[in-house]
Amino acid sequence: MVYCLTCCSEGRLSFYSTEWNIIPQCNAVPVISNPTVSGSLEEGEMVNASYTYSDNENDAEGLHTFQWYRSDDTLDLNRIAISGATNSNYTLTSNDISKYIQLFLSLLQERHLEL
């Protein structure tokens, strides 16, 4: 089976099968809103990220990927991924003192195509 990507309205991607001539409905990108990081900004304390997930088609929230980073300044000088920091929470260490900490979140949604 051959799958091809095609662009739908609003810049969304969909695919179709050249073998079956199936064109699934376009799927909107999920959205996060109200992102917050809470907790005490002290060594040994845990910070926790939270957000509100929404999806126009009511697709279920999938397993997202989290990665915390450490850098020297707001321009991301010497930014590195913090080893093992791949959850919505992170415990600050002595390496984080006087550094900038960021969280990157990749959203996924569960989408099931009915053929």
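Each residue of region 33-45 in turn: what ³J(HN,Hα) in whole Hz from Karplus with 6.51, -1.76, 1.60 and θ = phi - 60°, glycine and Pro shown as x?
Here the 3J(HN,Hα) series is 9, 6, x, 9, 10, 10, x, 8, 8, 9, 3, x, 8 Hz.
What FRET efficiency do you get for residue 87 and residue 28 if R0 is 25 Å and r is their Cβ-Cβ distance, rounded to the nearest 0.05? Let's see the in-between values first.
Details: r = 27 Å, r/R0 = 1.07.
Efficiency for this residue pair is about 0.40.
Each residue of region 72-77 in order: what ³J(HN,Hα) in whole Hz does its phi give by Karplus 6.51 cos²θ - 1.76 cosθ + 1.60, θ = phi - 60°, with x for Gly and Pro?
7, 7, 6, 8, 6, 4
Long-range amide H contacts for residue 85: which residues qualify at under 5 Å (H placed 1.01 Å from N, peptide plane, sequence gap of 5 or more or a different chain)?
So residue 85 has HN proximity to 68.
Where a number appears in this text, it was derived from the coordinates with a stated rule and is not lab data. What you are looking at is a predicted structure, and each value in this text was computed from that prediction instead of being measured. Virtual Cβ from ideal backbone geometry, glycine too; neighbours counted across all protein chains shown.
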